[in-house]
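The values are calculated or read from the model by the stated rules, or taken from the named source; none is laboratory data. These numbers come from a predicted model, not from an experiment. All Cβ positions, glycine included, derive from the backbone under ideal geometry; neighbour counts span all protein chains shown. Heads up: the accessible areas ignore ligands, DNA and RNA and are worked out on the full protein's heavy atoms, side chains in. Shrake-Rupley method; radii C 1.70, N 1.55, O 1.52, S 1.80 Å.
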Protein chains: 2
Amino acid sequence: MSTNAAGEPDGRLKALGLELGVLQRALRARGVPVIVVVEGWNASGISEAIAALLYGLDPRGVDFHAFGRPVEEELAHSFLRRFWVRTPAHGRIAVFARSWYSRAMAEMLTGIDWQARLDRALTSITTFERQLTDDGTLILKFFLQISKEEQRRRLLARERDPLTAWMITQNDWDFHRQYDELTPVIQRIQDRTEAPCAPWRRVEADDPGPAIEDVLSTVVKRLRARLDEPGIAEGRRAETLPPIGGDSPLDRADLSLSTSRHEYEHVAPECQTKLRTAQYSLYRRRIPLMIVYEGWDAAGKGGSIKRLTLPMNPRGCTVVPIGRPTEDELAHHYLWRFYQQFPPAGEIRIFDRSWYGRVLVERVEGLATEPQWRRAYNEINEMERAYVEDGGGLVKFWLEIDAGTQLRRFREREENPDKRWKITEEDWRNREKWEQYAVAVREMIARTHTPQAPWTVVESNDKLFARIKAQRTVIEYVNGLI
Amino acid sequence: MSTNAAGEPDGRLKALGLELGVLQRALRARGVPVIVVVEGWNASGISEAIAALLYGLDPRGVDFHAFGRPVEEELAHSFLRRFWVRTPAHGRIAVFARSWYSRAMAEMLTGIDWQARLDRALTSITTFERQLTDDGTLILKFFLQISKEEQRRRLLARERDPLTAWMITQNDWDFHRQYDELTPVIQRIQDRTEAPCAPWRRVEADDPGPAIEDVLSTVVKRLRARLDEPGIAEGRRAETLPPIGGDSPLDRADLSLSTSRHEYEHVAPECQTKLRTAQYSLYRRRIPLMIVYEGWDAAGKGGSIKRLTLPMNPRGCTVVPIGRPTEDELAHHYLWRFYQQFPPAGEIRIFDRSWYGRVLVERVEGLATEPQWRRAYNEINEMERAYVEDGGGLVKFWLEIDAGTQLRRFREREENPDKRWKITEEDWRNREKWEQYAVAVREMIARTHTPQAPWTVVESNDKLFARIKAQRTVIEYVNGLI
């Protein structure tokens, strides 16, 4: 490595560092998020390469994430969620010392069905990286390659140094002994996850100096190439979507369905008991559950949610109200803020509006571009499928009312001093776009009504009927899970 | 409890719920943060009381925090930090199911020196609550009181119900058996932490219905009283500060100190080795270390930080650049964002600017009111003392240069194309206020140069001297810790 007498970067390394800083400022100005993943064999010099990289970067624009032993918080969540929440905001560079790749290796490479589990993890990873790069993120991936003999030398040297001896565990030697068997697995992982916007760079790292320069010069080259691309921060264009079918669960919704007060009072207490039982069962089995509420304004989402949570223990059942995104949320992939809210194992999160805003309000109000919202159907399906396949529970409600019922409820709210705050100018404006929303709703349900995450349309002209239907749906769903 | 046939809140409870909603909206509009703590004996009905409270509140303005068994992330941090990061933003209500009180009980009530440790925890708690209420937060604290016999009945009933049997552990029975010994301890804790802005309410909870109504009606009463106070969101006025002494470490700074390139190249590599050793020692002993860099613009903070981090393993050593606060940070107590960045056990965080901005830039530029920045000296001393007493390490650097050196460096930056981005109009504007900043710096050092967290003034007219002094200070400090 080119350093001066004081042990600081010099010559070529210093020049690369300066150029890194220049490129970082340019990408920041263009709002491009960058992910740099550094993977490699144990003792291959990941920390040293990253130290050199960070030396050239302005810390004000960098997030650094090291994946060591998985911590409790991580293990309480599904595979992808742990990485999604660490994706960088527009214009920031996230550097990962080990990553989803090491996690996939560590968690998938044991047990009789490891090949199948690894394949599923690789599918998840491919989806994850594609969704980010579609949104404009640049992903650079390095693998530091050392020979088996060199690894042995380094592990022994660390063991001999009292400063580092404690770092070397049996696990390191186990991996070392499997060097030859792991080599083709690593090759396969890299082949499966090679992509134009997320390329791998294999770095020969037996000699640390050139390896570090290789990492830095590759980062410089790729960042520069990215800056030269036209429309760098726009993300990918939308795919062509197949036409949607004519058959929709919406058509089967019978809005005349109703429940009498008498029947409601008979059924509600029983539902409350069953909901309490359902919550405890999920908690004991450490199954997370997401309940999504979407529906027309004044369809009764809030009231239904209140009745659902009332019998539950508030420890472990949280309502997540989704409003306008914050500055920070807007600076990330739109799914990022929802991943933050995924329930940990055993807990329930009730979303009062959700990621479906992308294909409803953001579509109708022009807050998302057409390529963005068209891309979203598939992205949402992928997210939901991965979450459910990892063992999570998901219930999705669409609360359906007709335009006349909405109008009556708006007027009631205006006339009732206790409820007047609930109704705003915006509600009236949205109402004028009823037809546009109806098109968006129909398309949303058609494209995201999947076997693993089906919609339940809740006929909500009658509030008592709607509340009971939602509660029963949750109860039956949980009984099916456990 | 007053509920209707469907098991939903009715009568008095419904009326209280509606009023809660009204008060919540009013306090939100005034930007008042509210904390509601619900404590009590095991099985005293904490969850039920909170469920009733949440039923009346709009979830869009509520954060709910349950403290069960402490999780890993929590245990890696000092006592107060875990609660600070969960304090509500302006206008939001944070509801705590158990809190710092239960944590203090659980962590302090064993071992031979439990009385001393409990006292220290209570001092921390008093400080924590006072700092928040000084800033305008309203804190309401409930203790649900049940008799020993009633607790026995409830624990037995839960054990008999297959749904809840698993919740009752040996620990619950151990606490139950100590009911009589714990009673005076709980009383003492409440007496020590009673305060006008953070009052306790003891609720007789043998009968659950009235207990829940008591909690709700007390919350309603106190929120209403708060709304009637004049200037409710302004926080407390400043205390009178004693005059500062004439003797300052700044006066002892000899700005002619310098290190030759030859000497630097001799010393720097040795310092790098020692810094690496220091980092590993902290990591092994799980001691967190904060290094604060404050100093004049162009004093060389960035370069000094780069040289300090270069030899360190980036896993476990992070630079925290402090810039303008985000929207979310502005909506909290100004210390909140720094607590977020406190290092977990064994890690190093280097702050490039810090909480001292409150008494420097925020004071000089009028971003903090005079009562706010005058209050800050004591708040900062309390924060640093609690952190150090909990076993954390803290080094504070003031990088001192004279005005002539700053001018020369500003001009050099303007002339060097690689460095021009570093200098902005703002730097020149700040420079015009040199005298005002000098007064603020002198007062800051005088008021916050404490035995447990002393300042190190780094003479920085010569960059090589300054870098070596900073490194040696860190090395010696760590050697003194371990």
For segment B:255-267, the count of residues that are over 27 Å from B:LEU289 (Cβ atoms), at the interface with another protein chain (Cβ under 10 Å from one of its Cβ atoms) and in contact (Cβ under 8 Å) with a residue 40 or more places away in the chain equals 1
Inside segment B:238-271, the number of residues satisfying the requirement of being polar (S, T, N, Q) and within 32 Å of the chain's Cα centre (by Cα) is 2
Result of the Cβ filter at 9 Å on segment A:1-24, keeping first residues that are within 18 Å of B:LYS422 (Cβ to Cβ) and partners that are open to solvent by 60 Å² or more (accessible area, probe 1.4 Å) and part of a helix (DSSP H, G or I), at least 6 apart or interchain, is A:GLU19/A:ARG224; A:GLY21/B:TRP421; A:VAL22/B:TRP421; A:LEU23/A:ARG224
In segment A:63-86, is there at least one residue being within 24 Å of A:ARG222 (Cα to Cα) and of a type in the set (Val, Ile, Thr)?
no
Counting only residues that are open to solvent by 30 Å² or more (accessible area, probe 1.4 Å) and either closer than 19 Å to A:VAL458 by Cβ or not in a loop (DSSP other than H, G, I, E, B) (or both), segment A:310-321 contains a total of 4
Over segment A:318-331, the set of residues under 30 Å from A:GLN272 (Cβ atoms) and either facing chain B (nearest Cβ under 9 Å) or among the hydroxyl-bearing types (Ser, Thr, Tyr) (or both) is A:THR318, A:VAL319, A:VAL320, A:PRO321, A:GLY323
Considering residues that are within 17 Å of B:TRP200 (Cα to Cα), touching a residue at least 60 places away in the same chain (Cβ under 8 Å) and not aromatic (Phe, Trp, Tyr), the number found within segment B:96-116 is 5
_I'd like to know if segment B:325-344 contains one or more residues that are assigned to a strand (DSSP E or B) and touching a residue at least 40 places away in the same chain (Cβ under 8 Å)._
no
The condition from (1) without any contact (Cβ under 8 Å) to a residue 40 or more places away in the chain; (2) closer than 30 Å to B:THR450 by Cβ that B:GLU270 misses is numbered (2)
Given (1) surrounded by 14 or more Cβ atoms within 10 Å (Cβ to Cβ); (2) within 14 Å of chain B (Cβ to nearest Cβ); (3) of a type outside the set (A, V, I, L, M), A:ARG420 misses just (1)
Say whether the condition of being open to solvent by less than 50 Å² (accessible area, probe 1.4 Å), in contact with a Lys or Arg (Cβ under 7 Å, 6 or more places away or on another chain) and more than 23 Å from A:PRO243 (Cα to Cα) is met by at least one residue in segment A:441-457.
no
All conditions in (1) open to solvent by 50 Å² or more (accessible area, probe 1.4 Å); (2) in contact with a helix residue (DSSP H, G or I) (Cβ under 9 Å, 6 or more places away or on another chain) are true of B:GLN190 except (1)
### Query
Among the residues of segment A:435-442, is any assigned to a helix (DSSP H, G or I) and within 26 Å of B:VAL22 (Cα to Cα)?
no
Picked from segment A:277-301 (must be open to solvent by 30 Å² or more (accessible area, probe 1.4 Å) and within 17 Å of A:VAL395 (Cβ to Cβ)), the residue nearest to the other protein chains (Cβ to nearest Cβ) is A:THR277
* To do: Please work out if A:ALA26 is part of a helix (DSSP H, G or I), buried (at least 23 other Cβ atoms within 10 Å of the Cβ) and within 14 Å of chain B (Cβ to nearest Cβ).
  => no
Flagged pairs (Cβ under 6 angstrom, 6 or more apart or on separate chains; first in segment A:356-383, assigned by TED's automatic domain parsing to the domain that holds A:GLU294 and open to solvent by 10 Å² or more (accessible area, probe 1.4 Å); second of a type in the set (D, E, K, R) and assigned to a helix (DSSP H, G or I)) are A:TRP373/A:ARG358; A:TRP373/A:ARG363
message: Any residue at all in segment A:144-167 that's crowded, with 19+ Cβ neighbours inside 10 Å, closer than 18 Å to A:GLY68 by Cβ, under 35 Å from the mean Cα position of the chain (by Cα) and away from chain B (no Cβ under 14 Å)?
response: yes
Might you check whether a residue that is within 9 Å of another protein chain (Cβ to nearest Cβ), touching a helix residue (DSSP H, G or I) at 6+ places or on another chain (Cβ under 9 Å), closer than 24 Å to A:GLU329 by Cβ and surrounded by fewer than 18 Cβ atoms within 10 Å (Cβ to Cβ) occurs anywhere in segment A:86-95?
-> no
